Structure formats: C-alpha cells, structure tokens
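Asks: Input: one structure, supplied below.
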Amino acid sequence: MDLIYEIPKTIHYCWFGGKPLGAEELRCIESWKKYLPEYEIKRWDESNFDVCCCDYVSEAYRAKKWAFVSDYARFEILYRCGGLYFDTDVELIRSIDDLIAKGPFMGFELDFNKDEAGTVNPGLGLSAVPRLALYKEILDSYQEDHFLNNDDSLNLKTVVTRTTEILDLHGLIHQPGIQDVDGITIYPAEFFNPKDFWTGEIHLSDKTRTIHHFGMSWYTDEDKYRYELEKNLLKKFPNGKLAHRLAVIATMVRYRDLSAVKGFIKRLGE
C-alpha cells in the first residue's frame, strides 16, 4: 500500500450524555490498547464535537438519544481525520494489523441467508482514510434528514439500515464472502460479529478479530422493553421485520400515544 493511503494511527470512540464509562466499556478500551499499542485513543463527546452540526444531530441530542448522535459523529470524524472507530462495547481479541494494511473496511453484522439480506454494522469497526467519498454520501443522507418527524415521533432508522442501504446502491452483494464496495472491504460476520444478538451465543473462528458485546449502555427503559419484546416475538415469528414492527408498535402504545403509532404505521406504507 502506498504511504498516502495508510490509515492514521488513531482509534476514535464516542461517548455522549455525560455519564461515566462503565466497567465493560473500560475493559473493551483496554483490549484496543493491548492489540493496537501504537495507536492514540481519542474520545469524542460534547466537549469536542459540535452536537448542533446539523438538524438530525441536534434533534437526537435534545431527545437524549446518544447512540443516534454517535451514528453521525463517527462518519464525520473519520471523514475529517481518518483512522479506526469502534463502539465502546467492541472487544478486540487478536491483531487486526493485516486488515488495516489492506485499507478501509467495514463488517457484516448479519450475513445473507435464505430469509433475509445481510446487514453491515459500522459500530463493529471502521477503518478509513480521510475524505472517503462513500462516507460523504452517508453524511449527506443525515444532513438531508431529521431525527424528529413531523408528527413529533422519532426517526429511529438505525445506522445499520442507513449504511447498508447506501452500500447496496454501490453494489453490495448479499452473498457469503469478502467483497469490495467503492474501495472499502466488507468482511463477513465471523470477522467482527461472532456473538448472536438474541441468544448471546459466541461462535469464534480463526478469522474472528472482535466481539461485539451489545452493551446497550445508551438504552433507555423504552429501548430495553422493545428489545426484550422483540426477542420474545422472534420465537413466534421467524420473520425478523414482522417481529421488529410489532415490538415497535407495542412499545409506542406503552410509552407514548396513539399518534406516534399512527405515524409509524403511515411511514411503513410510504
């Protein structure tokens, strides 16, 4: 790799909301230090990131939805600075120097299967040089969006969905194996996500580099209720989209009002 394309030796992470890092987060950060000892670790929070940089971010911040603030921030930071990014619940379990040497990367959260397309999760780990065109496209999609919908409900479209949709537009293929999309290597789930989100089972291979522990440090009581309900619904409804939508509607009924439910159902039909 030419020197101009080397990944800057900085690991970025986001921690908005002001509460202290927990034991799990600190343990994961220690694993980054262990396997990437030459890298600077840089924390981003309200003190050094502009939470009013666009409507989406300022609305998410006012709603205290810290994870959604981080969704935008990671791409803004890497677009400007380059380097690595990990969510704070991602544990490194072996060196990734060989992957970094190959250039920018992301990882599948779920691989393609016969029932559903795969999804790419940029929280599992990102490697980037500054000013990646695809990152600019992701940032533009946020800047054209709002976190607060017209009916005062929240736009809970995840960074996983947003990133996967944009990668799809650039030729992401939902089939097993490593692939390249616009100069970004996309690795199968066994590299960065060996832990099952719903069961907690971990299936390691000799290719596994990280474990995403799904710490849910920013989950509110409402988020936790939706998660537990969706987990139980999946036992009855194997279709993940159906289980998710039912869980969202039931959670809105419990924690909000019928107008939010009507708004969510209306958006499904658009």
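Asks: So, in region 26-57, how many residues would count as being under 25 Å from P104 (Cβ atoms) and in contact (Cβ under 8 Å) with a residue 60 or more places away in the chain?
Replies: 8
Asks: Could you list all residues from region 112-140 that are of a type in the set (S, T, N, Q) and in contact with a helix residue (DSSP H, G or I) (Cβ under 6 Å, 6 or more places away or on another chain)?
Replies: Kept after step one, since they are of a type in the set (S, T, N, Q), are these residues of region 112-140: 113, 119, 121, 127.
Answer for region 112-140, where residues must be of a type in the set (S, T, N, Q) and in contact with a helix residue (DSSP H, G or I) (Cβ under 6 Å, 6 or more places away or on another chain): T119, N121, S127.
Asks: How do the pairs read when you match residues in region 153-175 that are within 25 Å of V253 (Cβ to Cβ) with residues anywhere that are surrounded by 15 or more Cβ atoms within 10 Å (Cβ to Cβ) and aromatic (F, W, Y), using Cβ under 7 Å and keeping only pairs 6 or more apart or on different chains?
Replies: S153/F264; L154/F147; N155/F147
Asks: Among the strands (runs of 3 or more DSSP E) confined wholly to region 149-233, which include 2 or more residues that are under 21 Å from C14 (Cβ atoms)? Before you say what the answer is, go through the steps one by one.
Replies: Values: elements: 179-181, 184-187, 210-212.
Once the strands (runs of 3 or more DSSP E) in region 149-233 are filtered for at least 2 residues that are under 21 Å from C14 (Cβ atoms), what remains is 210-212.
Asks: For region 138-159, check the following and say yes or no: at least one residue is farther than 15 Å from A73 by Cα and among the basic types (K, R).
Replies: yes
Asks: Let me ask you something else. Please go through region 126-144 and give me each residue that is crowded, with 21+ Cβ neighbours inside 10 Å and not in a helix (DSSP H, G or I), ordered by number.
Replies: L126, S127, A128
Asks: Now a separate question. Condition first: modelled with pLDDT of 75 or more and of a type in the set (S, T, Y). Now tell me which residues in region 221-244 satisfy that.
Replies: Answer for region 221-244, where residues must be modelled with pLDDT of 75 or more and of a type in the set (S, T, Y): just Y225.
Asks: If you don't mind, another one. May I ask you to list the residues in region 41-65 that are of a type in the set (D, E) and in contact with a strand residue (DSSP E or B) (Cβ under 6 Å, 6 or more places away or on another chain)?
Replies: Going through region 41-65, the residues of a type in the set (D, E) turn out to be 45-46, 50, 55, 59.
Within region 41-65, E59 is the sole residue that qualifies.
Asks: Based on this model, can you work out whether G107 counts as touching a Ser or Thr at 6+ places or on another chain (Cβ under 7 Å) and either touching a residue at least 12 places away in the same chain (Cβ under 8 Å) or not assigned by TED's automatic domain parsing to the domain that holds V69 (or both)?
Replies: Working: touching a Ser or Thr at 6+ places or on another chain (Cβ under 7 Å): no; either touching a residue at least 12 places away in the same chain (Cβ under 8 Å) or not assigned by TED's automatic domain parsing to the domain that holds V69 (or both): yes.
It is false that G107 is touching a Ser or Thr at 6+ places or on another chain (Cβ under 7 Å) and either touching a residue at least 12 places away in the same chain (Cβ under 8 Å) or not assigned by TED's automatic domain parsing to the domain that holds V69 (or both).
Asks: Same structure again: Before we move on, is T210 surrounded by fewer than 18 Cβ atoms within 10 Å (Cβ to Cβ) and either within 23 Å of A67 (Cβ to Cβ) or touching a residue at least 60 places away in the same chain (Cβ under 8 Å) (or both)? Outline the logic, then answer.
Replies: Values: surrounded by fewer than 18 Cβ atoms within 10 Å (Cβ to Cβ): no; either within 23 Å of A67 (Cβ to Cβ) or touching a residue at least 60 places away in the same chain (Cβ under 8 Å) (or both): yes.
Judged against the criteria, T210 is not a match.
Asks: Identify all residues within region 146-192 that are farther than 30 Å from R62 by Cα and modelled with pLDDT under 90; write none if there are none.
Replies: Taking region 146-192 as the starting set, the residues that turn out to be farther than 30 Å from R62 by Cα are 168-192.
Scanning region 146-192 gives H174, Q175, P176.
The values are calculated or read from the model by the stated rules, or taken from the named source; none is laboratory data. Because the structure is a prediction, the values reported are computed rather than measured. When we count neighbours, we look across all protein chains shown, and the Cβ atoms used for this are built from the backbone with ideal geometry, even at glycine.
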